[in-house]
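Written below as structure tokens is the structure these notes are about.
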Amino acid sequence: MSDDKSTPAQLDARNPWVLDTRELGRRAGLSRAVQRRLTVENPLGVPDVITVPQGAEVEVDLMLESVVEGVLVSGTAVAPTTGQCSRCLDPISGEVEVELTELFAYPDSTTEATTDEDEVSRLVDDRIDLEPVVRDAVVLALPQVPLCTEDCPGLCTECGVKWVDLEPGHGHETIDPRWAALVERFDENPANGSQESTEQP
Ligand SMILES: [Zn+2]
Ligand SMILES: [Zn+2]
């Protein structure tokens with residue numbers, strides 16, 4: 001994950017996740033509010049568990065603040081999530097909201113000089129890339145065991161049917177597997193017999 005924060009050689013100004021901080025000015029104390037809807041290019045999260053899917057929009061509401069060491073970005077990001085209940089496997093959808101606070105250090109600042117390369121976000125040509133910051137925060141905030149409801153009873157381990165769809169008192173008699181095979185045969189035979197008898201009137 002630390003790769004995410006390593007400084008790319010250049011940031012594409014046309015990329016909507018990239019903000020230009022030049023308008024902000026370098027005088028400490030200056031600030032600017034930024035609201036954007038950013039489209040997710042690569043799903044955030046764990047596929048088949050829960051993700052902010054590709055094509056979803058992340059709504060960011062940020063304050064950019066010029067500080068001595070760089071630009072401090074703080075605010076919130078809200079994104080839709082889709083996934084699967086880990087107990088009953090039903091599809092689920094929801095929303096994730098995260099708080100962000102990230103210092104993007106100036107290339108010549110003390111922070112930049114004294115912090116490990118993979119531990120600090122940097123300004124590149126006065127631009128900042130929100131993508132890795134939002135990605136890290138969102139991925140951390142996603143539930144590891146997503147559920148459709150807090151008390152989802154899940155599936156019957158014997159037949160795989162959802163408990164909510166089963167009769168109260170549902171259960172399975174435990175039959176020796178060798179007998180189970182015989183029982184199945186037994187169940188099939190009457191059906192076959194009746195079919196044959198209808199074909200031959
Ligand atoms: Zn469930
Ligand atoms: Zn069952």
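The values are calculated or read from the model by the stated rules, or taken from the named source; none is laboratory data. Just so it is clear, the model here is predicted, and its values are computed rather than measured. Note that each Cβ is placed from the backbone with ideal geometry, even for glycine, and that neighbours are counted across all protein chains shown.
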Tally up the residues in segment 128-167 that are within 13 Å of ligand 1 (Cβ to nearest atom) and under 17 Å from residue 95 (Cβ atoms), please. 6
Looking at the structure I just gave you, is residue 46 in contact (Cβ under 8 Å) with a residue 40 or more places away in the chain, among the β-branched types (Val, Ile, Thr), in the same structural domain as residue 136 (by TED's automatic domain parsing) and surrounded by 13 or more Cβ atoms within 10 Å (Cβ to Cβ)? yes
Scanning segment 12-42 for residues that are in a strand (DSSP E or B), closer than 20 Å to residue 55 by Cα, without any contact (Cβ under 8 Å) to a residue 60 or more places away in the chain and among the β-branched types (Val, Ile, Thr) gives 39
